[in-house]
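Engineer: Structure below; questions to follow.
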Amino acid sequence: MHLGNIAVNNLKVRKIKVLFLILGIVLGITTVVTLTSITLAMQEQLEDNLNAVGQLAIITPVSDSLSLSYNGVSVASTTSYQSRTISEKIVEKLEDIAGQGVSVIAPKLVQPVEIDSQKMLVAGVNFDSELRLKPYWLVKGNLPNTKQVVLGLLAAERLGLAAGDTVDINGSRFVVSGILAETGTVEDKLIYMALPEAQRLFKRAGEITFIEVSIMPPGKEDVYREQAVIKQLEDEFPGVNVVPVKDQKQARRDIVDRFAKFSVLVSVVVLVIGGLIVLTTMMSSVKERTREIGIFRAIGFRQSHIIKVFLTEALIISIVGGVIGYFSGILLAKFASPFIAQLDVQIGWNPGLGLAAVLTSSFIGLIASAYPAYLAARLDPVEAFRSL
Amino acid sequence: MRLDSIAINSLKRRKSKMLFMILGMILATATVVILYSITTAMNRELAETFDEIGANIIVMPKSDGMSLSYGGVSIPAAGSKEVMLTNDDIIKINTIPNRDNIAYVAPKVLGLTRYQGKKITVVGVDFPYELKLKKWWQFWGEKPVAVTDLLLGSRVAAMFNKQPGDVINIGGTEFQVAAVLEEQGTEEDGLVFMHLLKAQELLDKENELSFIEVAAYCTTCPIEDIIADIENSLPHARVTALAEVVKARQQVIDRFTNFTYAVSLIVVLIGALVVMMTMMSSVSERTAEIGVYQAMGYRKGNIFEIILTEAMIIGLIGGTLGYVVGIAAAKSLAPAITNMQLTIPWNPLIGVSVVFMAVVVGVLSSAYPAVLAAKLDPVEALRYI
Amino acid sequence: MSLIEVKNCTKIYDSGGTAVEALKEVDLTIEEGEFVALIGPSGSGKSTLLTMLGALNPPTRGKVLIDGIDVYDLPAERRADFRSSYIGFVFQQFQLIPYLTAIENVMLPLAILRYSHAEQVKMAENVLEKVGLADKAKRLPNQLSGGEQERVAIARAIVNQPPIVFADEPTGSLDTKTGEEIMKLFHTLNQEGLTIVMVTHNEENLKYVKRTIVVRDGMIENSNFHGDVA
């Protein structure tokens, strides 16, 4: 029998004690693993949400006149629009470079019309692209087919139309297939139809008023790539202006960055606390065994022998506890994540985290039992016997 | 001697045992308190920051008609404009019942004027609030302060070749270009921003507002309530939530709130387990002692009374200390690591519920091994030496 | 009617899957005022018999009547009450509660009965006086010698004035001289009318008892009455 056997035998015989020890370590490590993996998943989720659209840019014809409106409110006293338009060819070009970065292309043709002697704007759009760029769009009813339109909420109110009604535009009859729920922007005031339909209706084949485009795919924003794409487009299509949009989306990204810092905090707190749980468990276990240490000393064990026995035990317990803690932590995280509404990010088995968990628990387990084992080993054997 | 004095003596005279038990309690409750208070503070802070970024409510005059512009195509307002927003409406928005939830009110007047023979659109704004609302705005030059200070959109500056510090004469008034806005990719690039009252004077729209942007905090009351409040105060206005912002808030803040709940739930669960483990291991060590009591003729109820009294005292002390340690730790840790001004309050309600939880879990989890031990035949129990 | 009647008691333990017959159809009667020693080799079943007599260890078959009461017919809680009023127990290793002082340990059996604190203290002081420990009442068990701890354990067993005291090797962990003193104490208590049943290994102790019962292989081998020892 050597010292390792003593450790193993002790663990085998004192099953309940060992169970509690392992439970303590499992709890500490479970907490760390659960919270770390949920926090990481949460962070990923938040980033995904914010980057869902990527970097937006607006492509317009170069113009020498200034804005005549703000937030969709016009100051113009007469109907006015850019005489110049963009050639639809740019859309094909954008599709060409789509593989390299551009992800969603939303070309639009905007045309003033008069319906029941009311001046309105019709936007010919590509509905698939619009819905991808504007996840907040909610069409009540159906998306339009041929000879169908969708109305912004205010446009519908003004014209007194509901889904299923018909409306004459430029001499053609259209069916209202759906109403766009209130967005709070100028989009509420427009009439939408498919882009080719609008181009045919207004006899403006191949013409585009402006394009909203996500020039960088989600999560891959890169200022240099962005500038290269813009330059490439502007060089190839003179008379076209490509401007990246800066708005609140950018500012909101900071929030996610803060969350990243927060996740560090949570992990630190949890690690410290997990360590303390392991520490108190180990310390109380060693303290209880003062008498046993007395027996070892009495039969001639050196202090180093005793410390070795205790550390072997601690190591076995910590590794077992760490491994169980890792598995139960991930399982708990998987179980808890559905409670976090719509958390789409999968919590997976993260071997790096597992290794870290086991290393941490063995390290803390060793440190935590080293001190009390050292104290106990130094005791006078007679004292050790008395302490019961 | 009564049964509770046995419990008290047990705690007083087994100091290191009691220390470990209390330490376990403190760890468990402090973890719950630290993580709960930091996540809720963080959540509140994030929600407020989020709500302060850009407007989430827009107020327009109802009779605005269909003046609209999209993609550079504009059509003029139809019909009369006798009903409009006025400066008084700003005060009305600031005095709604839910006024505490109003972060910023940013009124605007829009008008057309001419400069060097070209049509320019002037936007009168309340600069301090406008700049707080548009946190993403970056500009060259100084913040506009004086009534005659201007903020030029990038295309306006380029077209007239103006830089910060240049003087511009519009409609007979000398204005100073305080700053030029970085290219935004929006209509803002082609606008001239001006002090609100000066713009109203210049455009001959005294007291008139084109629309008002409002940033409201939506943590304590839903945006619909705030909108209803504003609509009540301004019957002549159309008040709309910006769907995009509301959706984004749902995705980020609401999810974060749920995350906070999940973290709290897990932490409470684990805290309870730590307490349970501490108490259970302590009681299971005392099986032999329980055997002695049984042999002396103690009923099970007597034995539970002793052990549960101890658990209650440990729970009370550990829970209270854990709460204090937890809040203190959260206060000192949170700002350093999150880089945020988090206010973590002493919340007595949380204190009381944490202590209550510690006591209940402590009592229940020591009851279980006590029941097991008391179920043993005294002879069996006495073997556990 | 005898004070204690054991009727045809068998005790079978389950030891790792195999049934071990610790006591085999034992019949025994003990009268009031007896001082009985149970002797026999290790594993003979004498400790089992002692705890069975002490209402702590139910027989697999058979009956134990104490003062005419079938103790194992009582539900567990009523049996606890029975022990509280009829039986004092002195355990092998004293089994004092380590965090209670000598007097507090003695007061333990009173804590569950309707005595005021003052009455408890008075009763406990009386018995501590009787066992000769009045001056060490405030000490914790680990501040007392083995003999002193034994005296506290005896005081605790008799404070309630039970008619019977059971003792499991009361001198087992004491030196000869201290063991003698403890036996003398038991002898005195017996003289005062207390019925005592003890398990012992020590032949020396037998000179104080009135009757020796030899237990071997779970059966009573013989039972001898001695004359009273002065």
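Engineer: Six or more apart or on different chains, Cβ atoms under 8 Å: show the pairs whose first residue is in region A:131-146 and more than 15 Å from A:Ala181 (Cα to Cα) and within 12 Å of another protein chain (Cβ to nearest Cβ) and whose second is open to solvent by less than 60 Å² (accessible area, probe 1.4 Å) and part of a strand (DSSP E or B).
Structural biologist: Note: pairs meeting the criteria are A:Leu133/A:Leu56; A:Leu133/A:Val104; A:Leu133/A:Ala106; A:Leu133/A:Glu212; A:Leu133/A:Ser214.
Engineer: Sticking with this one: Of the conditions (1) more than 24 Å from B:Val275 (Cβ to Cβ); (2) not charged (D, E, K, R); (3) not in a helix (DSSP H, G or I), B:Ala381 fails just one. Which one is it?
Structural biologist: Result: B:Ala381 fails condition (3) only.
Engineer: Output the residues belonging to region C:83-109 that are over 14 Å from the mean Cα position of the chain (by Cα) and within 7 Å of chain B (Cβ to nearest Cβ).
Structural biologist: Residues satisfying the conditions are C:Ile97, C:Tyr99, C:Leu100, C:Glu104, C:Met107, C:Leu108, C:Pro109.
Engineer: I would also like to ask the following. Here's a check for you: in region A:372-388, which residue that is open to solvent by 40 Å² or more (accessible area, probe 1.4 Å) and away from chain B (no Cβ under 14 Å) is modelled with the lowest pLDDT? I'd like the intermediate steps shown before the answer.
Structural biologist: First pass over region A:372-388, keeping only residues open to solvent by 40 Å² or more (accessible area, probe 1.4 Å): A:374-375, A:378-380, A:382-383, A:385-388.
In the following step, the residues that additionally are away from chain B (no Cβ under 14 Å) were identified as A:374, A:378-380, A:382-383, A:385-386.
Details: A:Tyr374: 78, A:Arg378: 74, A:Leu379: 67, A:Asp380: 66, A:Val382: 61, A:Glu383: 59, A:Phe385: 55, A:Arg386: 51.
Across region A:372-388, the extreme among qualifying residues is A:Arg386.
Engineer: If you take the residues in region A:172-188 that are open to solvent by 20 Å² or more (accessible area, probe 1.4 Å), part of a strand (DSSP E or B) and of a type in the set (Val, Ile, Thr), which one is farthest from the other protein chains (Cβ to nearest Cβ)?
Structural biologist: Going through the qualifying residues, I end up with A:Val175.
Engineer: Can you name every residue in region B:287-333 that is among the aliphatic types (A, V, I, L, M) and under 17 Å from B:Val371 (Cα atoms)? Spell out the reasoning first.
Structural biologist: Start the filter on region B:287-333 by keeping residues that are among the aliphatic types (A, V, I, L, M), which leaves B:288, B:290, B:292, B:295-296, B:303, B:306-308, B:311-314, B:316-317, B:321, B:324-325, B:327-330, B:333.
Within region B:287-333, B:Ala288, B:Ile290, B:Val292, B:Ala295, B:Ile303, B:Ile306, B:Ile307, B:Leu308, B:Ala311, B:Met312 meet the criteria.
Engineer: Also, quick follow-up: Give the residues of region B:129-149 that are away from chain A (no Cβ under 14 Å) and either of a type outside the set (Ser, Thr, Tyr) or farther than 20 Å from B:Lys108 by Cα (or both), sorted by residue number.
Structural biologist: B:Trp140, B:Gly141, B:Glu142, B:Lys143, B:Pro144, B:Val145, B:Ala146, B:Val147, B:Asp149
Engineer: Quick check on my filter: what residues within region B:228-245 are within 15 Å of B:Asn101 (Cβ to Cβ), surrounded by fewer than 20 Cβ atoms within 10 Å (Cβ to Cβ) and in contact (Cβ under 8 Å) with a residue 24 or more places away in the chain?
Structural biologist: B:Asn232, B:Ser233
Engineer: Given the conditions (1) within 13 Å of chain B (Cβ to nearest Cβ); (2) touching a helix residue (DSSP H, G or I) at 6+ places or on another chain (Cβ under 9 Å); (3) small (Gly, Ala, Ser), report the number of the one that A:Ser117 does not fulfil.
Structural biologist: Result: A:Ser117 passes all but (2).
Engineer: Criterion first (out of contact with any Phe, Trp or Tyr (no Cβ under 6 Å at 6 or more places or on another chain), modelled with pLDDT of 80 or more and in a helix (DSSP H, G or I)) does B:Ala334 satisfy it?
Structural biologist: Judged against the criteria, B:Ala334 is not a match.
Engineer: What's the number of the only condition in (1) crowded, with 23+ Cβ neighbours inside 10 Å; (2) within 8 Å of another protein chain (Cβ to nearest Cβ); (3) among the basic types (Lys, Arg) that B:Arg255 fails to meet?
Structural biologist: Of everything listed in (1) crowded, with 23+ Cβ neighbours inside 10 Å; (2) within 8 Å of another protein chain (Cβ to nearest Cβ); (3) among the basic types (Lys, Arg), B:Arg255 misses just condition (1).
Engineer: On to the next question. Could you go through region C:154-168 and let me know if any residue there is part of a loop (DSSP other than H, G, I, E, B), closer than 30 Å to C:Leu65 by Cβ, out of contact with any strand residue (DSSP E or B) (no Cβ under 7 Å at 6 or more places or on another chain) and within 14 Å of chain B (Cβ to nearest Cβ).
Structural biologist: There is at least one residue in region C:154-168 that is part of a loop (DSSP other than H, G, I, E, B), closer than 30 Å to C:Leu65 by Cβ, out of contact with any strand residue (DSSP E or B) (no Cβ under 7 Å at 6 or more places or on another chain) and within 14 Å of chain B (Cβ to nearest Cβ).
Engineer: Residue by residue through region C:166-185, note down the ones that are buried (at least 23 other Cβ atoms within 10 Å of the Cβ) and either touching a residue at least 60 places away in the same chain (Cβ under 8 Å) or among the basic types (Lys, Arg) (or both).
Structural biologist: C:Phe166, C:Ala167, C:Pro170
Engineer: Identify all residues within region A:207-230 that are modelled with pLDDT of 75 or more and closer than 12 Å to A:Ile97 by Cβ; write none if there are none. Quick ask: steps written out before the conclusion?
Structural biologist: At the first step, the residues of region A:207-230 found to be modelled with pLDDT of 75 or more are A:207-214, A:227-230.
Matches in region A:207-230: A:Val213, A:Ala228, A:Val229, A:Ile230.
Engineer: Could I ask something else about it? Would you tally the residues in region C:211-230 being open to solvent by less than 60 Å² (accessible area, probe 1.4 Å) and in a loop (DSSP other than H, G, I, E, B)?
Structural biologist: Count: 3.
Engineer: For B:Leu197, are the conditions met, namely being in contact with a Leu (Cβ under 9 Å, 6 or more places away or on another chain) and away from chain A (no Cβ under 13 Å)?
Structural biologist: Criteria not met by B:Leu197.
Engineer: Something else: So, in region B:280-312, of the ones that are over 20 Å from A:Gly24 (Cβ atoms) and more than 14 Å from chain C (Cβ to nearest Cβ), which residue ends up surrounded by the fewest Cβ atoms within 10 Å (Cβ to Cβ)?
Structural biologist: B:Met312
Engineer: Turning to a different aspect of this structure: Which ranges mark the strands (runs of 3 or more DSSP E) fully within region B:89-165 that have 2 or more residues being touching a residue at least 40 places away in the same chain (Cβ under 8 Å) and under 21 Å from B:Ser210 (Cβ atoms)?
Structural biologist: B:102-115, B:118-125, B:149-152
Engineer: Take the residues in region C:32-42 that are over 16 Å from C:Leu189 (Cα atoms) and not β-branched (Val, Ile, Thr); name whichever of them is most open to solvent (accessible area, probe 1.4 Å).
Structural biologist: It comes out as C:Ser42.
Engineer: Across region C:180-230, what is the total count of residues that are farther than 25 Å from C:Pro59 by Cβ and among the small types (Gly, Ala, Ser)?
Structural biologist: Matching residues across region C:180-230 total 3.
Engineer: Test B:Lys162 against the criterion of being farther than 17 Å from A:Leu68 by Cβ, assigned by TED's automatic domain parsing to the domain that holds B:Ala103 and open to solvent by 70 Å² or more (accessible area, probe 1.4 Å), and give yes or no.
Structural biologist: It is false that B:Lys162 is farther than 17 Å from A:Leu68 by Cβ, assigned by TED's automatic domain parsing to the domain that holds B:Ala103 and open to solvent by 70 Å² or more (accessible area, probe 1.4 Å).
Engineer: Among the residues of region B:263-279, which ones are within 7 Å of chain A (Cβ to nearest Cβ) and either under 15 Å from A:Ile22 (Cα atoms) or of a type outside the set (A, V, I, L, M) (or both)?
Structural biologist: B:Ile270, B:Leu273, B:Val274, B:Met277
Engineer: Restricting to region C:64-81, what's the tally of residues that are closer than 18 Å to C:Leu49 by Cα and at pLDDT 90 or above?
Structural biologist: Within region C:64-81, residues that are closer than 18 Å to C:Leu49 by Cα and at pLDDT 90 or above number 9.
The values are calculated or read from the model by the stated rules, or taken from the named source; none is laboratory data. Note that the structure is a prediction, hence the values are computed from the model and not measured. With ideal geometry, Cβ positions are generated from the backbone for all residues, glycine too; neighbour counts draw on all protein chains shown. Heavy atoms of the whole protein, side chains included, go into the accessibility calculation; ligands, DNA and RNA do not. Shrake-Rupley method; radii C 1.70, N 1.55, O 1.52, S 1.80 Å.
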